[in-house]
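See structure below.
Since every read-out is calculated from the coordinates, none of them should be taken as a lab result. Remember, it's a predicted structure, so these values are computed and weren't measured experimentally. Note: ideal-geometry Cβ built from the backbone for every residue, glycine included; neighbour counts use all protein chains shown.
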Amino acid sequence: MDVLIVCTNRHHYPAPVMPYGACLVAEAAEREGHRVRLLDLMFQRDPFKALKAALQDFSPDVVGLSVRNLDNNDMQAPVAFVAEVAEIGRAVSRYAAAPVVLGGPAVGVMPEPLLKETGARFAVLGDGEEAFPALLQVLEYGGRMEEVPRLAWLENGGYRVSSHAPCELKDSGVLPQFSRWLALKTYRAAMAAIPLQSKRGCPFSCIYCTYGISEGKGYRLFPPREVAAAVRRLSTLGCRDLEFVDNVFNSPYDHALALCENLAANGHRARLTTMELNPAFLDVRLLKAMERAGFVGIGVTAESAADPVLSGLQKGYTAAEVESAAAAVRQSSLPCFWLFLLGGPGESQETVAQTLRFARRTLRKGDVAFFNVGLRIYPGTELERIARQEGVLRHSPEEMLEPVFYFSPQLDRRWTLDQVRRAAAENLNLLHAASLSHPWLPAVNRLFSRLPVRPPLWRHTPTIRRVVRALGRDI
Ligand code: B12
């Protein structure tokens, strides 16, 4: 069959991200003998014109829409992307008779409302490498939709799902040939790192998160040696800035350690980062292994440094463990980006003060701390249940396609924002959420990509803020 995969994400904050999953799915379909083209709308000036041209030129039998984000996850300045995706779905139906299949990270989070909103025929939930070719097979030769794994569709007004069991990992999945599908130079010029995974799934029970829902709770691990070989292959092709996009990089701990040892041994020349370290599994041994493996920057998703909040979010670790992780980071040479999430159940003035104090006093001055205020509520999460119980959520699950947020009723949002703004004004290494969607950011990304500066750009936060302040503004 002729298959067109359209990558709908056009969000440039904090930097454009490559449609990794869509490339994997495109190659999986090709391996089964289909003719595949990929249209990436990220840098298209007129996405609808590009879409119309691709549909008329290729006349595909099936169109896949890869949908990454529902919204920007920012309570203070929410931007929803679903209307644009729905418009793209309608445009496909206008110019082609091909059935539309949804896939991508956002689809696993809210499949039913997305099917309704876009008018698509099918949605693949989670991994697409096995399910999408299986669907193409049924569409081409006939068969039962129920036999396609993790497929959802609407039938007689009802929502149907074939199965929820996660698909098996295929070893070939680690690394697509990005340069075949994407304008790599344009991504590079926007400071985008190349994404890579060492596992799928997430066993943690953080109350706000959807990872376990869309990818399954059990880990599915790629063999460390193969992931390391993929890194080496990419680096010999000149792709040197790579980012591990695992839900959590350092769990299982032994898998992360084995990966680092393989990376250190195989002589690759890539610069590696990950923004997804869990403080409970972060110690000097792993950090030293990461240094030897070629990491140049890390992110710790601590969320809070206060016990009532950590336990309210069901993070599975304590403030003392966050402190130990910070102590381990201090003993390493890796620049570190700390992520905090203020306003969850259990948050109070005291806990906000505690987390801000931790960021000011415990972190190294060169490290960056980022504070998001308010938690996006997704259907099917424990946070949804809590929000309904507390009477702060009245939207039906379908209405939650529009961004809805939780903010602790024990706390005043304006007071919290003031505290964060004040801390950020006084400390060049502390950032509030608005910094990552600052209108200047794409220009800053482009400017720095021309200088001898490599991703991640956040390493230079204090310098960038000093320069921007000299121009009379701030980020
Ligand atoms: C790593 C990550 C990041 C990194 C990305 C770094 C990079 N270089 O790529 C950073 C930190 C920068 C980031 C930023 C953001 N992220 Co983020 N991120 C992730 C994470 C953890 C992994 C994404 C990933 O690459 N997965 C690996 C690839 C291989 O999987 P995949 O893309 O899902 O593809 C598979 C399937 O989806 C499917 N598939 C994909 N396309 C298609 C197409 C078809 C036709 C089919 C059939 C199947 C299919 O098959 C693929 C292979 O199995 C996800 C959580 C998650 N587990 O999905 C959140 C996630 C994607 N992010 C999310 C969000 C909101 C954002 C931000 C908007 C806000 C923020 N948190 O800062 C920004 C947006 C950035 C942008 N410009 O678009 C949401 C998106 C959904 C939503 N809630 O709106 C997610 C799902 C987290 C969540 N539950 O909230 N993110």
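Values for this structure:
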{"quantity": "Quarter of Cα convex hull surface for the chain, i.e. mean projection, nm²", "calculated": "21.4"}
{"quantity": "Neighbour cut-off at most 16 other Cβ (10 Å), DSSP loop, trypsin sites (Lys or Arg not before Pro), the stretch 100-199", "calculated": "Arg144, Lys170"}
{"quantity": "Shape metrics for the stretch 335-475, restricted to C-alpha atoms - Rg then Dmax, Å", "calculated": "17.3, 52"}
{"quantity": "Label-point separation, Ala83 to Trp415 (7 Å along Cα→Cβ), nm", "calculated": "3.5"}
{"quantity": "Which of Trp415, Trp458, Trp153 has the fewest Cβ neighbours within 10 Å, and the rest in rising order", "calculated": "Trp415, Trp153, Trp458"}
{"quantity": "Long-range HN-HN contacts of Phe405 with modeled amide H, under 5 Å", "calculated": "Ile377"}
{"quantity": "Length gained when the stretch Arg220-Arg360 is fully extended (0.36 nm per residue, less Cα-Cα span)", "calculated": "46.7 nm"}
{"quantity": "Leu65 long-range amide H proximity, modeled H, under 5 Å", "calculated": "Val6, Val101, Leu102, Gly103"}
{"quantity": "Contour excess over end-to-end distance, with Cα ends at Arg180 and Gln56 and 0.36 nm allotted per residue", "calculated": "42.5 nm"}
{"quantity": "For the stretch 393-451, convex hull volume per residue from C-alpha positions, Å³", "calculated": "130"}
{"quantity": "Cβ-based exposure ranking for His12, His432, in which fewest neighbours within 10 Å come first", "calculated": "His12, His432"}
{"quantity": "Nonlocal amide H pairs with Asp241, under 5 Å, H built at 1.01 Å", "calculated": "Ile194, Arg271"}
{"quantity": "Cβ crowding within 10 Å averaged over residues, with 365-373, 346-354, 127-135 ranked highest first", "calculated": "127-135, 365-373, 346-354"}
{"quantity": "Spherically averaged projected area in nm², based on the convex hull that wraps the Cα atoms of the stretch 221-308", "calculated": "5.7"}
{"quantity": "Approximate spin-label separation Glu426-Asp2, in nm, with each point projected 7 Å along Cα-to-Cβ", "calculated": "6.4"}
{"quantity": "Full-extension gain in nm, Glu147 to Lys288, via 0.36 nm per residue minus C-alpha separation", "calculated": "46.1 nm"}
{"quantity": "Rg [Å, one decimal], Dmax [Å, integer] - the stretch 164-220, C-alpha atoms", "calculated": "14.9, 39"}
{"quantity": "Cross-link reach list, lysines versus Lys185, counting only Cα pairs under 23 Å and skipping chain neighbours closer than eight places", "calculated": "Lys49"}
{"quantity": "Residue exposure sequence - Glu147, Glu27 - by fewest surrounding Cβ within 10 Å", "calculated": "Glu147, Glu27"}
{"quantity": "Of Lys217/Lys288; Lys170/Lys315; Lys288/Lys315; Lys288/Lys365; Lys170/Lys199, those spanning more than 23 Å from alpha-carbon to alpha-carbon", "calculated": "Lys217/Lys288; Lys170/Lys315; Lys288/Lys315"}
{"quantity": "Vicinal HN-Hα couplings computed from phi for the stretch 192-203 (Karplus, 6.51 cos²θ - 1.76 cosθ + 1.60; Hz; Gly/Pro x)", "calculated": "7, 8, 7, x, 7, 10, 10, 6, 10, x, 7, x"}
{"quantity": "Near-label residues of the stretch 403-429 by backbone N, under 20 Å of a point 7 Å along Cα→Cβ of Ala353", "calculated": "408-427"}
{"quantity": "Mean ellipticity per residue at 222 nm, deg cm²/dmol - from DSSP H runs of n ≥ 4 across the chain, formula -39500 (n - 2.57)", "calculated": "-11500 deg cm²/dmol"}
{"quantity": "Peptides 309-315, 396-402 ordered by average Cβ neighbours within 10 Å, highest first", "calculated": "309-315, 396-402"}
